[in-house]
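Data first, discussion second: the structure below is written as structure tokens.
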Amino acid sequence: MNDKIGTYRFATEPFHTDFSGRLTLGVLGNHLLNCASLHAQERGFGMGTVNEESYTWVLSRLAIEMEEMPRQNEVFRIDTWVEGVYRLFTDRNYAILDNDGRPLGYARSVWAMINMHTRKPVDLLGINGGSITDYVCEHPCPIAKPSRIKVHGGEEAATLRARYSDIDLNGHVNSIRYIEHILDLFPLDLYRRRRIRRFEMAYVAESYYDDTLSFLCQQPEAGEETYSVEVRKNGTETVCRAQVEFGQPCSHPDCESSAPGQAS
């Protein structure tokens, strides 16, 4: 294995699954972020190191495409690597594979480093002499890069106040909590009929405890199953946008969906 690629193994715990007995997208998102943190820390540019200089990493964009989600009790692995480094952003990719190395899906992410006091972006090429570029790796990631998500109109599908369980170490709403709240917009019957083929997030601004979050959902065109969502805080400012593409249930012979309420 290329030493620029980090490999991390997980087991799908029962409390990490949904009604179908498969890993939830929110938990997978947390695993991806944890892998990014571990990979960076092991190579000298992780949170523990950059925090000492009053810097922190923030997630800007995330795209996940899955052919199938890991089943309950299944062991799987996530590989992660840095695809490119620019002055203000870095591209990090992921491969999600089963225990035999068969690809289950891929993900792409874009990260920025900001000053913890000013919340302004930091020049990545000026940090530690630009040593992060030593870990740029040419490794295939056969999914499209995160797109520019546009939401035209849309009806207000839900409103909630940011509470204790939404807030992370940086004092703002956790990036994965937005994903979970967005997934809650869709009826259970849709998840029984379809699986999420691709999920994209674009983070625009931060929101904080007691902010009112409004979720505007743009319905798909006739014959399509792609929804666009915009999250606004306190009625005006956009904090993030998402695009959720539903696809056909997995057709792999070992992937028949479980009955609702039963574990795989």
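The values are calculated or read from the model by the stated rules, or taken from the named source; none is laboratory data. The model shown is predicted, which means the values in this text are computed figures rather than measured ones. Neighbour counts are summed over all protein chains in view; Cβ atoms, including those assigned to glycine, are modelled from backbone coordinates with ideal geometry. Protein only, heavy atoms only, side chains kept; ligands, DNA and RNA dropped before computing areas. Shrake-Rupley method; radii C 1.70, N 1.55, O 1.52, S 1.80 Å.
List of remarks:
- Taking 7 Å steps out from each Cα toward its Cβ at R192 and R119 produces label points 4.3 nm apart.
- Accessible surface ranking that places the most exposed of D3, D211 first, with a 1.4 angstrom probe: D3, D211
- Within straight-line cross-link reach of K150, lysines at Cα separation under 24 Å, skipping those fewer than 8 residues along the same chain: K233
- Highest-fluctuation residue, Y227, Y94, Y164 considered, GNM on the chain with Cα pairs under 10 Å: Y164
- Set of segment 81-116 residues, backbone N closer than 11 Å to the point 7 Å along the Cα-Cβ line of S54: 115-116
- Gyration tensor (alpha-carbon) shape descriptor, segment 2-51, a/c threshold 1.5: prolate
- Mean accessible surface per residue for segment 136-208, computed with a 1.4 Å probe while every protein chain stays in place, in Å²: 58
- Shape of segment 9-127 from the C-alpha gyration tensor: prolate (a/c of 1.5 or more and a/b above b/c, with a ≥ b ≥ c the square roots of its eigenvalues).
- Projected-area mean, segment 68-189, by convex hull of Cα positions, square nanometres: 11.5
- Computed on protein heavy atoms with a 1.4 Å probe, the accessible areas place R194, R119 in the order R119, R194, largest first.
- q = 0.07, 0.10, 0.14, 0.15 Å⁻¹: log10 I(q)/I(0) that the Debye formula gives for the chain, counting C-alpha atoms only: -0.25, -0.52, -1.04, -1.19
- To put it simply, the accessible area of the chain at a 1.4 Å probe is 48 percent carbon and sulfur.
- Candidates C240, C141, C217: whichever shows maximal mean-square fluctuation once the chain is modelled as a Gaussian network with Cα springs under 10 Å: C141
- Reachable lysines, given that their alpha-carbon falls under 17 Å from the alpha-carbon of K4 and they are not under 8 places away in the same chain: none
- Normalised per residue, the accessible area of segment 1-63 is 43 Å², obtained with a 1.4 Å probe and no contribution from ligands, DNA or RNA.
- Enclosing the Cα atoms of segment 163-236 in their convex hull gives a volume equal to 112 cubic angstrom per residue.
- Highest GNM mean-square fluctuation among E74, E245, E52, for the chain modelled with Cα contacts below 10 Å: E52.
- Spatial separation of Cα centroids for segment 1-41 and segment 148-203, in angstrom: 19
- Pair I5, E225: separation of 7 Å Cα→Cβ label points (nm): 3.0
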